[in-house]
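For reference, the structure is listed below as structure tokens.
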Amino acid sequence: MKKFWLIIAVLFSIILFTNKTKAECPENLDSMGETIIINGCPYVVEICYKCAVTSGTSIAKLGGWRKANNCEQSWTTEEVLEAINQKLQDIDFIMENICPFVLPCSFFPLNQWNYEYIENMCWKKTNEGNGFIYYSECSGQSQYCYTQWRICWDELTSEPSKTLIYGPVLIGNNTCPLGPEPEDPEVNETSDCFALSDGCP
């Protein structure tokens, strides 16, 4: 029964997400929404991404997220954000939801396929009513954590392989006030920008 209601909550959050505020992804990146479970609660996350087709570099970053309003989350916002960022760098999640095409490892270095992940450091939150708080990137902020992975298909194990190439490293200058997280704004209002951390995980 619990599983049934969790599925209903996920579907409900997806429907509401399509009619809510969305993140503004950079012009060179596409946008997609995925639902993931964090500490038992469904979250709809918006991912800004670009996938390399045969070789080169794929890019992904978290554009925004919200949880279903009928789920009590015991984790802090910082813990939830860290879990989302980890999920978006999980090789199974990448291949199933973001960039499904990878080359055999034996092709390297002729056809290198890298995955760059950008962790935004500065956020704002919008109260959309009905218990929905939407977190989105603060535009104009230049500081972020950068990590680069090499991803390929291991023919020996018949499993994907992920190797850290660079990072995580902090890039840019911090102009965003470091926490604490502000109180939820009034309905249809947006908070000031804030940072939950001043360094990379």
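Only residues that are among the β-branched types (Val, Ile, Thr) and either over 25 Å from Asn127 (Cα atoms) or under 15 Å from the mean Cα position of the chain (by Cα) (or both): list them for the stretch 66-82, please. Show your work before the answer.
Here is the first cut: in the stretch 66-82, the ones among the β-branched types (Val, Ile, Thr) are 76-77, 80.
Correct list: Thr77, Val80.
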field: Subset of the stretch 113-167 (residues that are of a type in the set (Asp, Glu) and touching a residue at least 60 places away in the same chain (Cβ under 8 Å))
entry: Glu119, Glu128, Glu137
- prompt: With (1) more than 30 Å from Val53 (Cβ to Cβ); (2) out of contact with any Leu (no Cβ under 7 Å at 6 or more places or on another chain) as the list, and Gly179 as the residue in question, which single condition is left unmet?
  reply: (2)
message: Quick check on the stretch 165-172. Is at least one of its residues surrounded by fewer than 17 Cβ atoms within 10 Å (Cβ to Cβ) and not in a strand (DSSP E or B)?
response: yes
- prompt: Which one is farthest from Ser139 (Cα to Cα), of the residues in the stretch 165-192 that are hydrophobic (A, V, I, L, M, F, W, C) and in contact with a Phe, Trp or Tyr (Cβ under 9 Å, 6 or more places away or on another chain)?
  reply: Ile165
- prompt: How many residues, within the stretch 83-92, are more than 15 Å from Thr147 (Cα to Cα) and more than 11 Å from the chain's Cα centre (by Cα)?
  reply: 1
message: Can you confirm whether Ser158 is at pLDDT below 90, over 21 Å from Leu62 (Cβ atoms) and not aromatic (Phe, Trp, Tyr)?
response: yes
query: Being under 29 Å from Gly179 (Cα atoms), in contact with a strand residue (DSSP E or B) (Cβ under 6 Å, 6 or more places away or on another chain) and modelled with pLDDT of 95 or more, is that true of even one residue in the stretch 12-20?
result: no
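Is it the case that some residue within the stretch 54-65 is loosely packed, with under 15 Cβ neighbours inside 10 Å, modelled with pLDDT of 85 or more and closer than 24 Å to Cys152 by Cα? Can you show your working first?
In the first step, residues of the stretch 54-65 are kept if they are loosely packed, with under 15 Cβ neighbours inside 10 Å; the result is 54-57.
Applying the additional criterion that residues be modelled with pLDDT of 85 or more yields 57.
The next check asks that each one be closer than 24 Å to Cys152 by Cα; those that pass are 57.
For the stretch 54-65, residues loosely packed, with under 15 Cβ neighbours inside 10 Å, modelled with pLDDT of 85 or more and closer than 24 Å to Cys152 by Cα: present.
The values are calculated or read from the model by the stated rules, or taken from the named source; none is laboratory data. Please read all numbers here as calculations on a predicted model, not as lab measurements. Positions of Cβ are backbone-derived with ideal geometry, glycine not excepted, and every protein chain shown enters the neighbour counts.
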